[in-house]
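Colleague: Got a structure for you, written out below as structure tokens; questions coming shortly.
Each reported figure results from applying straightforward, stated rules to the coordinates on display, with no laboratory input. Computed from a prediction, not measured in an experiment: that's the story for all the values here. Because the Cβ atoms are built from the backbone with ideal geometry, glycine has one as well, and the counts that use them run over all protein chains shown.
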Amino acid sequence: MNGKEFIKAVDAIVKEKGIDRDVVFESMELALATAYKKNFNSLTNSKIIIDRNTGDIKVYSYKTVVPDEMATDEYLNSLDDNDENAEEFNSNYHITLTDARKQNKVLNIGDTIDTEVTPKDFGRVAASTAKQVLVQKMREAERNSLVNEYGDKQDELLVGTVDLEDVDNYFINLGRSNGILPKKECIPGEKIEMGKQIKVYVSKVDNSGKGLFILLSRCHYGFLKRLFELEIPELSDGTVLVYSVARDAGSRSKIAVYSENPNVDPIGACIGERRSRISRIISELNGEKVDIVKYDKDPAVFIANALSPAKNLHVIITDPKKQEAIVVVDDDNFSLAIGKKGQNARLASKLTHYKIDIKNNEQAREMGINFKN
């Protein structure tokens with residue numbers, strides 16, 4: 001690999017991988033320095049310089065300019081064996097100020113003086129090292145680049161293309177990286193087609209292993225929240241806020257919203273004109289039912305709202321610290337409040353963060369709670 005071929009290879013990698021050009025050269029200089037020391041039994045005070053334009057590779061040894069007295073016997077005899085910072089003069093690493101100024105009059109103590117020591121057959125070592133190390137360093141640099149691009153994407157909504165499938169997972173092309181969508185994280189009953197673009201929620205980003213691991217989901221409650229933010233401008237600009245989300249993916253979800261502006265109807269904003277906004281969200285959720293609930297600072301009101309579509313509820317906060325409540329419901333609304341297999345009550349509990357105990361009128365009377373509709 002001559003200089004022109006080397007530059008061409010570097011520029012191709014920089015363009016393809018989007019990696020900083022200087023990172024490539026610095027990585028290669030470091031690798032070549034190690035190869036030089038290994039193959040030519042060189043001293044440690046050597047460095048590699050690659051011409052960024054021509055690709056020419058040269059090896060230099062360097063010596064540090066030290067005071068003249070450092071090379072005298074008196075100085076050596078004065079050194080304290082117990083002084084770890086004491087440094088002996090070594091002609092391989094040091095050059096006295098007098099000798100240095102014979103080569104360059106402007107040199108001062110602490111400066112370095114370089115001498116080219118490129119071996120005649122170093123090109124062979126350089127070529128083989130370049131092929132081995134370029135791949136390794138580019139993988140590291142590319143990984144860092146991917147981490148910078150995707151590292152802050154956790155809890156975000158992305159759009160990707162379904163590329164591959166195995167027994168347990170779908171592999172989603174996100175652009176410069178792939179994410180894993182486990183089949184158990186897909187919405188029950190939905191059909192995932194190869195080559196189709198889908199929206200996915202990033203539930204985890206991990207770069208502690210050999211590669212960047214991006215775990216995706218369409219079942220996570222955060223997926224629903226991000227869909228609302230995507231479809232409803234009032235959520236994006238902060239006019240409407242999401243308090244909490246509870247979800248049984250593929251079946252039913254509840255989302256609590258509110259607005260600090262008394263002139264804004266948060267539920268109406270989420271539904272949209274002729275249900276246009278909520279219809280798009282439900283379509284993306286494969287028909288999953290979504291209850292939009294108005295959040296209220298009064299926990300009793302909030303719990304009553306969360307148990308929708310049940311009505312005529314009487315909420316008693318039994319323990320505010322433990323967040324426990326009893327809800328008394330008439331017979332007509334009792335099954336609605338609980339829901340099929342307890343789903344409505346369970347989702348309402350998740351949404352409000354309260355433990356909710358639902359009782360009918362008869363059960364309430366047995367507990368000594370007198371309540372009339």
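Colleague: Taking other Cβ within 10 Å of each residue's Cβ, how do L224, L235, L336 sort, fewest first?
Modeller: L336, L235, L224
Colleague: If you don't mind, another one. Mind checking which helices in the chain clear 30 Å along their axis (Cα) and have mean Kyte-Doolittle hydropathy of -0.5 or more, DSSP H runs only?
Modeller: Both cut-offs are met by 122-150.
Colleague: Can you pull the one-decimal nm distance between simple spin-label points at M367 and S279, each 7 Å off the Cα toward Cβ?
Modeller: Label-label distance for M367 and S279, simple model: 4.2 nm.
Colleague: Nearest 20 debye, what's the magnitude of the dipole of the stretch 58-189 about its Cα centre given +1 on Lys and Arg Cβ and -1 on Asp and Glu Cβ?
Modeller: In total the dipole reaches around 1080 debye.
Colleague: May I ask for the Kirkwood hydrodynamic radius of the chain, worked out over all distinct Cα pairs and given in angstroms to one decimal?
Modeller: 27.4 Å
Colleague: Students often check this: by mean Cβ neighbours within 10 Å, which of 298-308, 174-184 ranks highest, and how do the rest follow?
Modeller: 298-308, 174-184
Colleague: Now for a separate question. Of all beta bridges DSSP finds with both residues in the chain, what is the antiparallel percent, to the nearest 5?
Modeller: That works out to approximately 70 percent antiparallel.
Colleague: Please report the relative contact order for the stretch 276-334, taking Cα pairs under 8 Å with a sequence separation of at least 6, and give it as a percent rounded to a whole number.
Modeller: Across the stretch 276-334, relative contact order equals 21 percent.
Colleague: What's the longest piece of the chain with no exposed GluC sites (Glu not before Pro), counting a site as exposed if DSSP puts it in a loop and it has at most 14 other beta carbons within 10 Å?
Modeller: Between exposed loop sites, the widest span is 261-373.
Colleague: Select from A31, T44, I7 the residue farthest towards the positive end of the dipole of the stretch 5-54; place +1 on Cβ of Lys and Arg, -1 on Cβ of Asp and Glu, and compute about the Cα centre.
Modeller: Final value for the positive-end residue is T44.
Colleague: State, to one decimal in nm, how far the label point of K47 lies from the label point of D319, with both points 7 Å from Cα in the Cβ direction.
Modeller: 6.9 nm
Colleague: Can you give me the distance in nm between label points at V23 and S91, each placed 7 Å from the Cα along the Cα-to-Cβ direction?
Modeller: 4.5 nm
Colleague: Post the alpha-carbon centroid distance, the stretch 286-308 to the stretch 142-206, in whole angstrom.
Modeller: 31 Å
Colleague: Another question about this same structure. Using the Cα centre as the reference, give the magnitude of the dipole from point charges on the C-beta atoms of the chain (Lys, Arg: +1; Asp, Glu: -1; all else neutral), rounded to the nearest 20 debye.
Modeller: The calculated dipole for the chain is roughly 2120 debye.
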